[in-house]
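Taking it in order: structure first as C-alpha coordinates, then the write-up.
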Amino acid sequence: MSTRLNDSCGNVVLGALQSRAIRHSLNDYRDCAEAIFSALLDESGSVLMESGVMPAEQSATLGALANGAFIAVRELGRRLGDDACEGLYHQGGIRHFHIAPLSQTTFLFTVFGNDTKFGIIRSALAKFGPTLRDKMQNAEHAASPVTPSEGDLVLAPSDGTGAS
Amino acid sequence: MAVVNHETKEVTFKIVYCGTPVGGKTTNLSYIHSRIESDQRGDLVSLATSTDRTLFFDFLPINTVVINGYATRFMLYTIPGQVCYNATRQLVLKGVDGIVYVADSAAERMAENLSGFQTLRKNLADNGLSLDQIPLVFQYNKRDLPNSAPVSYLEFLLNNGAPRRLSFEASAQTGYNVFATLNAVAEQVLQKFHHASQAPADPHSRHTSSRRSGDSPAALSS
(Lines give C-alpha, C1' and ligand atoms only; values in the text may rest on other atoms or scores of the structure.)
Protein backbone atom coordinates (compact mmCIF):
# COMPACT_ATOMS: atom_id res chain seq x y z
CA MET A 1 0.00 0.00 0.00
CA SER A 2 1.43 3.32 -0.98
CA THR A 3 1.38 6.20 1.44
CA ARG A 4 3.33 8.60 -0.74
CA LEU A 5 2.18 12.16 -0.48
CA ASN A 6 3.94 13.14 -3.64
CA ASP A 7 2.84 16.04 -5.75
CA SER A 8 3.15 15.79 -9.49
CA CYS A 9 6.85 16.60 -9.24
CA GLY A 10 7.72 13.80 -6.87
CA ASN A 11 8.03 16.04 -3.84
CA VAL A 12 6.49 14.96 -0.56
CA VAL A 13 3.85 17.53 0.32
CA LEU A 14 2.03 17.66 3.63
CA GLY A 15 -0.93 20.05 3.56
CA ALA A 16 -1.70 21.98 6.75
CA LEU A 17 -5.03 20.30 7.46
CA GLN A 18 -3.69 16.89 6.68
CA SER A 19 -0.65 17.55 8.81
CA ARG A 20 -2.82 18.40 11.80
CA ALA A 21 -4.83 15.24 11.38
CA ILE A 22 -1.72 13.12 11.12
CA ARG A 23 -0.13 14.90 14.06
CA HIS A 24 -3.25 14.25 16.13
CA SER A 25 -2.96 10.53 15.44
CA LEU A 26 0.76 10.58 16.08
CA ASN A 27 0.18 12.23 19.46
CA ASP A 28 -2.50 9.63 20.25
CA TYR A 29 -0.10 6.89 19.30
CA ARG A 30 2.68 8.30 21.46
CA ASP A 31 0.34 8.69 24.44
CA CYS A 32 -0.96 5.16 24.04
CA ALA A 33 2.56 3.79 23.66
CA GLU A 34 3.73 5.78 26.69
CA ALA A 35 6.69 6.78 24.55
CA ILE A 36 9.03 9.73 24.96
CA PHE A 37 9.23 10.61 21.31
CA SER A 38 7.86 9.40 18.02
CA ALA A 39 8.42 10.55 14.46
CA LEU A 40 7.30 9.74 10.96
CA LEU A 41 10.26 9.36 8.65
CA ASP A 42 10.53 9.40 4.90
CA GLU A 43 12.90 7.11 3.01
CA SER A 44 15.13 10.07 2.20
CA GLY A 45 15.81 10.45 5.92
CA SER A 46 13.58 13.48 6.39
CA VAL A 47 11.41 13.81 9.47
CA LEU A 48 7.88 14.26 8.16
CA MET A 49 6.36 14.82 11.59
CA GLU A 50 7.34 14.41 15.20
CA SER A 51 5.67 14.18 18.57
CA GLY A 52 7.24 14.59 21.98
CA VAL A 53 10.54 16.11 22.92
CA MET A 54 14.01 14.75 22.52
CA PRO A 55 16.21 17.22 24.39
CA ALA A 56 19.86 17.49 23.49
CA GLU A 57 19.36 16.02 20.05
CA GLN A 58 18.14 17.35 16.76
CA SER A 59 15.28 15.42 15.27
CA ALA A 60 16.86 15.79 11.82
CA THR A 61 19.92 13.88 13.01
CA LEU A 62 17.80 11.26 14.72
CA GLY A 63 15.75 10.90 11.56
CA ALA A 64 18.77 10.42 9.33
CA LEU A 65 20.30 7.82 11.64
CA ALA A 66 17.04 5.97 12.29
CA ASN A 67 16.20 5.92 8.63
CA GLY A 68 19.67 4.70 7.69
CA ALA A 69 19.60 2.00 10.35
CA PHE A 70 16.22 0.68 9.33
CA ILE A 71 16.84 0.72 5.60
CA ALA A 72 20.20 -0.97 6.07
CA VAL A 73 18.70 -3.72 8.23
CA ARG A 74 15.82 -4.22 5.82
CA GLU A 75 18.25 -4.44 2.92
CA LEU A 76 20.36 -6.93 4.86
CA GLY A 77 17.27 -9.06 5.38
CA ARG A 78 16.47 -8.89 1.69
CA ARG A 79 19.93 -10.04 0.76
CA LEU A 80 19.54 -12.93 3.16
CA GLY A 81 16.42 -13.91 1.29
CA ASP A 82 13.68 -12.38 3.45
CA ASP A 83 11.67 -9.49 2.05
CA ALA A 84 9.65 -8.94 5.20
CA CYS A 85 10.89 -6.50 7.82
CA GLU A 86 8.33 -5.85 10.51
CA GLY A 87 10.51 -3.63 12.62
CA LEU A 88 13.83 -2.88 14.23
CA TYR A 89 14.13 -2.86 18.00
CA HIS A 90 17.05 -1.56 20.03
CA GLN A 91 17.23 -2.24 23.74
CA GLY A 92 19.52 0.16 25.53
CA GLY A 93 20.15 0.88 29.18
CA ILE A 94 17.67 3.71 29.69
CA ARG A 95 16.53 4.58 26.17
CA HIS A 96 15.11 2.07 23.75
CA PHE A 97 13.75 2.53 20.29
CA HIS A 98 11.63 0.79 17.72
CA ILE A 99 11.37 1.53 14.01
CA ALA A 100 8.47 0.07 12.08
CA PRO A 101 7.49 0.48 8.44
CA LEU A 102 4.15 2.08 7.68
CA SER A 103 4.78 1.56 3.98
CA GLN A 104 7.71 0.92 1.68
CA THR A 105 8.79 4.53 2.05
CA THR A 106 7.49 5.72 5.42
CA PHE A 107 8.63 4.61 8.86
CA LEU A 108 7.48 5.18 12.41
CA PHE A 109 10.30 5.81 14.89
CA THR A 110 9.51 5.49 18.59
CA VAL A 111 11.77 6.20 21.56
CA PHE A 112 10.80 4.98 25.01
CA GLY A 113 12.25 4.51 28.47
CA ASN A 114 12.41 1.82 31.09
CA ASP A 115 8.92 2.63 32.30
CA THR A 116 7.45 1.34 29.07
CA LYS A 117 7.30 -2.28 28.01
CA PHE A 118 8.00 -3.17 24.42
CA GLY A 119 4.67 -4.96 24.28
CA ILE A 120 2.87 -1.65 24.83
CA ILE A 121 4.69 -0.18 21.87
CA ARG A 122 3.63 -3.07 19.67
CA SER A 123 0.09 -2.84 20.92
CA ALA A 124 -0.09 0.89 20.23
CA LEU A 125 1.42 0.33 16.81
CA ALA A 126 -1.21 -2.25 15.99
CA LYS A 127 -3.93 0.16 17.12
CA PHE A 128 -2.73 3.38 15.54
CA GLY A 129 -0.49 2.20 12.69
CA PRO A 130 -3.34 1.62 10.23
CA THR A 131 -4.91 4.97 11.16
CA LEU A 132 -1.66 6.80 10.56
CA ARG A 133 -1.16 4.98 7.29
CA ASP A 134 -4.69 5.78 6.12
CA LYS A 135 -4.45 9.44 7.07
CA MET A 136 -1.21 9.79 5.21
CA GLN A 137 -2.66 8.04 2.21
CA ASN A 138 -5.68 10.32 2.21
CA ALA A 139 -3.68 13.47 2.58
CA GLU A 140 -4.30 15.88 -0.20
CA HIS A 141 -1.60 16.24 -2.79
CA ALA A 142 -1.33 19.96 -2.62
CA ALA A 143 0.92 21.95 -4.86
CA SER A 144 3.56 23.85 -3.01
CA PRO A 145 3.23 27.64 -2.70
CA VAL A 146 6.93 27.82 -1.97
CA THR A 147 8.58 29.18 -5.05
CA PRO A 148 12.18 30.14 -4.44
CA SER A 149 13.89 31.66 -7.39
CA GLU A 150 17.31 31.48 -8.88
CA GLY A 151 19.63 33.60 -6.81
CA ASP A 152 17.37 33.40 -3.77
CA LEU A 153 19.85 31.46 -1.78
CA VAL A 154 23.44 31.89 -0.94
CA LEU A 155 24.63 29.68 1.87
CA ALA A 156 27.80 31.65 2.29
CA PRO A 157 29.95 34.11 0.45
CA SER A 158 31.85 32.72 -2.46
CA ASP A 159 35.19 31.43 -1.32
CA GLY A 160 37.03 31.25 -4.56
CA THR A 161 37.07 32.17 -8.14
CA GLY A 162 33.89 30.38 -9.04
CA ALA A 163 32.93 27.81 -11.57
CA SER A 164 35.14 26.53 -14.30
CA MET B 1 12.48 14.77 -3.65
CA ALA B 2 11.84 17.77 -1.45
CA VAL B 3 9.70 17.40 1.64
CA VAL B 4 7.23 20.27 2.04
CA ASN B 5 5.33 20.64 5.30
CA HIS B 6 2.70 23.35 5.12
CA GLU B 7 1.87 23.08 8.80
CA THR B 8 5.37 23.71 10.12
CA LYS B 9 6.21 25.79 7.04
CA GLU B 10 9.38 23.92 6.25
CA VAL B 11 10.95 22.68 3.05
CA THR B 12 13.71 20.10 3.26
CA PHE B 13 16.14 19.13 0.54
CA LYS B 14 18.70 16.34 0.45
CA ILE B 15 22.13 16.94 -1.08
CA VAL B 16 24.60 14.08 -1.35
CA TYR B 17 28.36 14.40 -1.81
CA CYS B 18 29.58 11.51 -3.95
CA GLY B 19 32.94 10.73 -5.48
CA THR B 20 36.25 8.97 -5.43
CA PRO B 21 37.38 7.20 -2.24
CA VAL B 22 39.46 9.55 -0.08
CA GLY B 23 38.53 12.33 -2.47
CA GLY B 24 37.53 14.84 0.21
CA LYS B 25 33.78 14.39 0.63
CA THR B 26 33.93 14.25 4.41
CA THR B 27 36.44 17.11 4.44
CA ASN B 28 33.90 19.24 2.57
CA LEU B 29 31.29 18.63 5.26
CA SER B 30 33.80 19.16 8.04
CA TYR B 31 34.75 22.53 6.60
CA ILE B 32 31.13 23.57 6.17
CA HIS B 33 30.41 22.47 9.73
CA SER B 34 33.35 24.45 11.05
CA ARG B 35 32.38 27.68 9.29
CA ILE B 36 28.64 27.85 9.86
CA GLU B 37 27.23 29.31 13.06
CA SER B 38 26.11 26.60 15.43
CA ASP B 39 22.55 27.92 15.62
CA GLN B 40 22.20 27.43 11.89
CA ARG B 41 23.43 23.88 11.66
CA GLY B 42 23.22 20.63 13.52
CA ASP B 43 26.03 18.37 14.59
CA LEU B 44 28.19 16.66 12.02
CA VAL B 45 27.43 12.98 12.37
CA SER B 46 30.00 10.58 10.95
CA LEU B 47 29.54 6.86 10.76
CA ALA B 48 33.15 6.02 10.07
CA THR B 49 35.69 3.29 10.64
CA SER B 50 38.43 3.61 13.25
CA THR B 51 40.63 5.05 10.52
CA ASP B 52 38.07 7.76 9.68
CA ARG B 53 36.98 6.16 6.43
CA THR B 54 33.29 6.72 5.89
CA LEU B 55 31.45 3.51 6.66
CA PHE B 56 27.84 4.44 6.08
CA PHE B 57 27.42 8.18 5.69
CA ASP B 58 28.25 11.58 7.15
CA PHE B 59 25.33 13.86 7.86
CA LEU B 60 25.09 17.59 8.43
CA PRO B 61 21.76 19.46 8.60
CA ILE B 62 21.88 23.18 7.86
CA ASN B 63 19.13 25.76 8.14
CA THR B 64 19.29 28.42 5.52
CA VAL B 65 16.88 31.08 4.40
CA VAL B 66 13.20 31.75 4.88
CA ILE B 67 11.44 31.90 1.53
CA ASN B 68 7.83 33.00 1.40
CA GLY B 69 7.63 32.25 5.09
CA TYR B 70 8.99 28.73 4.68
CA ALA B 71 12.16 27.68 6.47
CA THR B 72 14.48 25.96 4.03
CA ARG B 73 16.70 23.17 5.24
CA PHE B 74 19.42 21.27 3.48
CA MET B 75 20.42 17.84 4.70
CA LEU B 76 23.98 17.23 3.54
CA TYR B 77 25.13 13.62 3.25
CA THR B 78 28.29 11.96 2.05
CA ILE B 79 28.46 8.38 0.89
CA PRO B 80 31.41 6.00 1.14
CA GLY B 81 33.48 5.97 -2.03
CA GLN B 82 34.95 2.51 -1.68
CA VAL B 83 33.75 -0.09 -4.15
CA CYS B 84 32.70 -2.53 -1.43
CA TYR B 85 30.06 -0.12 -0.10
CA ASN B 86 27.94 -0.15 -3.22
CA ALA B 87 24.76 -1.18 -1.39
CA THR B 88 25.28 1.53 1.21
CA ARG B 89 25.71 4.18 -1.47
CA GLN B 90 22.49 3.14 -3.09
CA LEU B 91 20.60 3.43 0.20
CA VAL B 92 21.88 6.91 0.99
CA LEU B 93 21.02 8.14 -2.50
CA LYS B 94 17.31 7.45 -1.97
CA GLY B 95 15.32 10.66 -2.30
CA VAL B 96 18.32 12.76 -3.32
CA ASP B 97 17.60 16.30 -4.57
CA GLY B 98 21.08 17.38 -5.59
CA ILE B 99 24.54 15.86 -6.01
CA VAL B 100 28.08 17.16 -5.62
CA TYR B 101 30.56 14.88 -7.35
CA VAL B 102 33.91 15.33 -5.63
CA ALA B 103 36.74 14.22 -7.92
CA ASP B 104 40.33 13.81 -6.81
CA SER B 105 42.63 15.95 -8.93
CA ALA B 106 45.67 13.71 -8.42
CA ALA B 107 46.79 12.49 -11.83
CA GLU B 108 46.87 8.87 -10.76
CA ARG B 109 43.23 8.94 -9.58
CA MET B 110 41.62 9.56 -12.95
CA ALA B 111 40.47 6.00 -13.51
CA GLU B 112 38.85 5.97 -10.07
CA ASN B 113 37.18 9.30 -10.75
CA LEU B 114 35.65 7.89 -13.89
CA SER B 115 34.58 4.56 -12.45
CA GLY B 116 33.11 6.32 -9.41
CA PHE B 117 31.00 8.49 -11.67
CA GLN B 118 29.81 5.50 -13.67
CA THR B 119 28.90 3.76 -10.43
CA LEU B 120 26.93 6.81 -9.34
CA ARG B 121 24.87 6.60 -12.52
CA LYS B 122 24.18 2.95 -11.83
CA ASN B 123 23.31 3.56 -8.16
CA LEU B 124 20.81 6.21 -9.21
CA ALA B 125 19.36 4.02 -11.92
CA ASP B 126 18.87 1.25 -9.39
CA ASN B 127 16.84 3.76 -7.36
CA GLY B 128 14.77 4.64 -10.42
CA LEU B 129 16.54 7.96 -10.86
CA SER B 130 18.44 9.46 -13.76
CA LEU B 131 21.45 11.68 -13.34
CA ASP B 132 20.13 13.81 -16.17
CA GLN B 133 17.18 14.88 -14.01
CA ILE B 134 19.13 15.70 -10.86
CA PRO B 135 21.04 18.92 -10.16
CA LEU B 136 24.72 18.06 -10.23
CA VAL B 137 27.88 20.05 -9.63
CA PHE B 138 31.43 18.80 -10.07
CA GLN B 139 34.11 19.69 -7.60
CA TYR B 140 37.71 19.06 -8.66
CA ASN B 141 39.27 18.79 -5.26
CA LYS B 142 42.90 18.83 -4.13
CA ARG B 143 43.95 21.38 -6.70
CA ASP B 144 46.82 22.24 -4.38
CA LEU B 145 48.49 18.91 -5.12
CA PRO B 146 51.69 19.23 -7.18
CA ASN B 147 50.66 16.37 -9.45
CA SER B 148 47.12 17.51 -10.09
CA ALA B 149 45.75 16.77 -13.52
CA PRO B 150 44.72 19.68 -15.76
CA VAL B 151 41.15 20.83 -15.22
CA SER B 152 40.54 20.48 -18.94
CA TYR B 153 41.33 16.79 -18.66
CA LEU B 154 38.96 16.36 -15.70
CA GLU B 155 36.28 18.16 -17.67
CA PHE B 156 36.92 15.92 -20.68
CA LEU B 157 36.74 12.87 -18.45
CA LEU B 158 33.69 13.68 -16.34
CA ASN B 159 31.86 16.71 -17.63
CA ASN B 160 31.65 15.91 -21.30
CA GLY B 161 27.92 15.37 -21.70
CA ALA B 162 25.13 17.73 -22.53
CA PRO B 163 24.20 19.85 -20.75
CA ARG B 164 27.56 20.60 -19.23
CA ARG B 165 27.41 20.99 -15.48
CA LEU B 166 29.01 23.63 -13.32
CA SER B 167 32.39 22.63 -11.99
CA PHE B 168 34.69 24.11 -9.38
CA GLU B 169 38.37 23.80 -8.68
CA ALA B 170 38.65 23.37 -4.96
CA SER B 171 40.72 22.51 -1.96
CA ALA B 172 38.48 21.18 0.78
CA GLN B 173 41.38 21.18 3.24
CA THR B 174 41.70 24.96 2.98
CA GLY B 175 38.06 25.58 2.21
CA TYR B 176 38.77 26.99 -1.23
CA ASN B 177 35.50 26.89 -3.21
CA VAL B 178 33.80 24.59 -0.73
CA PHE B 179 30.95 27.04 -0.19
CA ALA B 180 30.93 28.04 -3.84
CA THR B 181 30.23 24.41 -4.68
CA LEU B 182 27.51 24.12 -2.07
CA ASN B 183 25.91 27.38 -3.13
CA ALA B 184 25.86 26.25 -6.75
CA VAL B 185 24.16 22.94 -6.10
CA ALA B 186 21.73 24.52 -3.63
CA GLU B 187 20.74 27.11 -6.21
CA GLN B 188 20.17 24.43 -8.81
CA VAL B 189 18.05 22.42 -6.39
CA LEU B 190 15.94 25.49 -5.62
CA GLN B 191 15.67 26.32 -9.32
CA LYS B 192 14.38 22.85 -10.08
CA PHE B 193 11.92 23.08 -7.20
CA HIS B 194 10.81 26.51 -8.39
CA HIS B 195 10.23 25.35 -11.94
CA ALA B 196 8.31 22.34 -10.70
CA SER B 197 6.02 24.45 -8.52
CA GLN B 198 2.63 25.32 -9.85
CA ALA B 199 2.04 28.67 -8.16
CA PRO B 200 3.72 31.80 -9.52
CA ALA B 201 6.32 33.41 -7.36
CA ASP B 202 5.49 36.59 -5.51
CA PRO B 203 8.72 38.57 -5.32
CA HIS B 204 7.24 40.95 -2.75
CA SER B 205 6.66 38.19 -0.24
CA ARG B 206 10.19 36.89 -0.40
CA HIS B 207 11.79 37.25 2.97
CA THR B 208 15.31 36.59 1.94
CA SER B 209 17.86 38.78 0.33
CA SER B 210 19.73 37.94 -2.79
CA ARG B 211 23.35 37.04 -2.80
CA ARG B 212 25.22 38.45 0.10
CA SER B 213 28.85 39.13 0.42
CA GLY B 214 31.13 39.40 3.38
CA ASP B 215 33.67 37.44 5.29
CA SER B 216 31.39 35.45 7.54
CA PRO B 217 30.44 32.15 6.01
CA ALA B 218 27.37 31.73 8.18
CA ALA B 219 24.33 30.25 6.51
CA LEU B 220 21.71 32.88 6.01
CA SER B 221 18.46 33.01 7.83
CA SER B 222 15.98 35.79 8.02
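Odds and ends about this structure:
- Residue pairs whose Cβ atoms lie under 9 Å apart, separated by 6 or more positions or on different chains, with the first residue in the range A:67-92 and free of Cβ contacts under 8 Å to residues at least 12 places away in the same chain and under 16 Å from B:ARG89 (Cβ atoms) and the second among the aromatic types (Phe, Trp, Tyr) and surrounded by 15 or more Cβ atoms within 10 Å (Cβ to Cβ), are A:ALA72/B:PHE56.
- Complete set of residues in the range B:18-50 that are within 22 Å of B:LEU158 (Cα to Cα) and among the small types (Gly, Ala, Ser): B:GLY19, B:GLY23, B:GLY24
- With respect to the conditions (1) over 28 Å from B:VAL16 (Cα atoms); (2) in contact (Cβ under 8 Å) with a residue 60 or more places away in the chain; (3) assigned to a helix (DSSP H, G or I), A:MET136 lacks only one, and its number is (1).
- Single unsatisfied condition, B:PRO80 versus (1) part of a loop (DSSP other than H, G, I, E, B); (2) at the interface with chain A (Cβ under 7 Å from one of its Cβ atoms): (2)
- Check on B:ASP104, away from every other protein chain (no Cβ under 13 Å), crowded, with 20+ Cβ neighbours inside 10 Å and touching a Ser or Thr at 6+ places or on another chain (Cβ under 8 Å): yes
- Test result for B:ARG89, of a type in the set (Lys, Arg) and modelled with pLDDT of 90 or more: no
- Test: B:ASN147 is over 19 Å from B:HIS33 (Cβ atoms) and not small (Gly, Ala, Ser): yes
- For beta carbons closer than 6 Å, sequence separation of 6+ or different chains, a first residue in the range A:105-128 that is loosely packed, with under 13 Cβ neighbours inside 10 Å and a second that is of a type outside the set (A, V, I, L, M) and modelled with pLDDT of 95 or more, there are no qualifying pairs.
- Looking only at residues of the range A:85-103 that are among the aliphatic types (A, V, I, L, M) and assigned to a loop (DSSP other than H, G, I, E, B), we find that the one that is farthest from A:TYR29 (Cα to Cα) is A:ILE94.
- Condition met for B:TYR85 (aromatic (Phe, Trp, Tyr), within 25 Å of B:GLU155 (Cβ to Cβ), surrounded by 17 or more Cβ atoms within 10 Å (Cβ to Cβ) and more than 8 Å from chain A (Cβ to nearest Cβ)): no
- Among the conditions (1) part of a loop (DSSP other than H, G, I, E, B); (2) facing chain A (nearest Cβ under 9 Å), the only one that B:SER167 does not satisfy is (1).
- Residue ID - modelled with the lowest pLDDT, chosen from residues in the range A:104-133 that are closer than 25 Å to B:ASN5 by Cβ and in a loop (DSSP other than H, G, I, E, B): A:GLN104
- Enumeration of residues in the range B:157-172 that are hydrophobic (A, V, I, L, M, F, W, C), touching a residue at least 12 places away in the same chain (Cβ under 8 Å) and farther than 19 Å from B:ALA186 by Cβ: B:LEU157, B:LEU158
- Residue in the range B:176-189 that is hydroxyl-bearing (Ser, Thr, Tyr) and under 30 Å from B:SER34 (Cα atoms) present: yes
- For the range A:15-40, the set of residues classified as under 14 Å from the mean Cα position of the chain (by Cα), more than 10 Å from chain B (Cβ to nearest Cβ) and either more than 21 Å from A:ILE120 (Cα to Cα) or not in a helix (DSSP H, G or I) (or both) consists of A:PHE37, A:SER38, A:ALA39, A:LEU40, listed by residue number.
- B:GLY128 vs. criteria of a type outside the set (Val, Ile, Thr), surrounded by 15 or more Cβ atoms within 10 Å (Cβ to Cβ), within 13 Å of chain A (Cβ to nearest Cβ) and on the phi > 0 side of the Ramachandran plot: no
- A:LEU48 fulfils the conditions (1) within 23 Å of A:ILE120 (Cα to Cα); (2) at the interface with another protein chain (Cβ under 8 Å from one of its Cβ atoms); (3) part of a strand (DSSP E or B) except for a single criterion, (1).
- Test for B:ARG109: is it of a type in the set (Lys, Arg) and more than 14 Å from every other protein chain (Cβ to nearest Cβ): yes
- In the range B:1-32, the residue that is farthest from the other protein chains (Cβ to nearest Cβ) out of those that are of a type in the set (A, V, I, L, M) and within 13 Å of the chain's Cα centre (by Cα) is B:LEU29.
- Hey, B:ALA162 over 14 Å from B:LYS25 (Cα atoms) and crowded, with 22+ Cβ neighbours inside 10 Å or not: no
The values are calculated or read from the model by the stated rules, or taken from the named source; none is laboratory data. This one's a predicted model, so the numbers in the text were calculated from it and none came from an experiment. Counting neighbours? That spans all protein chains shown, and the Cβs are built from the backbone with ideal geometry, glycine included.
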